[in-house]
Structure formats: structure tokens, C-alpha cells
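Student: Here it is, the structure in full.
The values are calculated or read from the model by the stated rules, or taken from the named source; none is laboratory data. Since the structure is predicted, the reported quantities are computational estimates derived from the model, not experimental observations. These accessible areas exclude ligands, DNA and RNA; they are computed on the full protein's heavy atoms, side chains included. Shrake-Rupley method; radii C 1.70, N 1.55, O 1.52, S 1.80 Å.
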Amino acid sequence: QLQLTESGGGLVQAGDSLRLSCKASRSTNRMGWFRQAPGKERVFVATINRSDGNAAYADSVKGRFTISRNYLTNTAYLQMNSLKPEDTALYYCAADTRLSVGTTTMEYDYWGQGTQVTVSS
């Protein structure tokens, strides 16, 4: 079993930055971030894989968010800059043992509990 623990969420103003962290209980290949706003489905934000460090982003966050990993500590990060009110959501970390990046919820077997990000205008 793989446990994921997110941290770093909070309440910020539009234009501010936040960095989310996701600590995995052991090494894994694919890691990603998803978010879910109230009353909406969980959607893809960013993903990165272990084999070649390839990353992918949702169009809505390209140029503002950066995903990265520290392989020594099994931790993934999501650096979020120029935050907008529409970025407000519960952010989930996800992981999977399969190679390559994954952009859908079905491509991940392990999920964290989520960390809330609220951006005020």
C-alpha cells in the first residue's frame, strides 16, 4: 500500500503564490495533482513521471504552475504562481506504479486526502 500526505494549502489573494507538497510513503513512478471545486468533478492539473521526468499540465495552469519531484524524499511539489480565484479547490495528490504520465483519474491507484486552496479576489 502507498500512502500520500499533502500539505501547503491555504487562503491567499489573487496573484499570490503557494507551494503544495505530497509526501509518498515509498518510491513510485507516476505522480500527479488534481483538483475539485465544490459541486464539480475532480480534474487534472499536472503530472510527472519518474522514468524521464516528463511532465504535463492542464491548459488552465500552463505557465503558472510547475510540478517537480524530490526522488530522495519521495515528495512531489506543485508550485502555483499568479493564483486566480478560479484556482480555488481541494487539491489532491495522486500516485501510481505505472510508467509514463497520467492525465485522468483512472490512471491513478493511490490518492491523498486533499489540501484546500482558496484564492480571494
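Student: Have a look at V101, V61, V45 and tell me which one the Gaussian network model of the chain (Cα, springs below 10 Å) gives the largest fluctuation.
Tutor: V61
Student: Next question, about the same structure. Would you mind telling me the share, in percent, of accessible area of the chain contributed by carbon and sulfur at probe 1.4 angstrom?
Tutor: 47
Student: Would you mind telling me which residue in L83, L18, L72 has the biggest mean-square fluctuation in a Gaussian network model of the chain, where springs connect alpha carbons within a distance under 10 angstrom?
Tutor: Between L83, L18, L72, it is L72 that shows the largest mean-square fluctuation.
Student: Here's another thing I want to ask about it. In whole Hz, what ³J(HN,Hα) sequence does segment 19-32 give by Karplus (6.51, -1.76, 1.60; θ = phi - 60°), x for Gly and Pro?
Tutor: Result, ordered by residue: 10, 8, 10, 9, 9, 9, 6, 7, 5, 8, 8, 8, 9, x Hz.
Student: For segment 50-121, what does the accessible surface come to per residue with a 1.4 Å probe? Please give it in Å².
Tutor: 51
Student: With a 10 Å cut-off between alpha carbons and a GNM built on the chain, which of E41, E86, E107 moves the most?
Tutor: Maximum among the listed residues: E41.
Student: Sort out for me the Cα centre separation of segment 70-86 from segment 1-68, rounded to whole Å.
Tutor: What the calculation gives is 6 Å, centre to centre.
Student: Also, I was wondering about something else. Over all directions, the average projected area of the alpha-carbon convex hull for the chain comes to how many nm²?
Tutor: That works out to 6.7 nm², a quarter of the Cα hull's surface.
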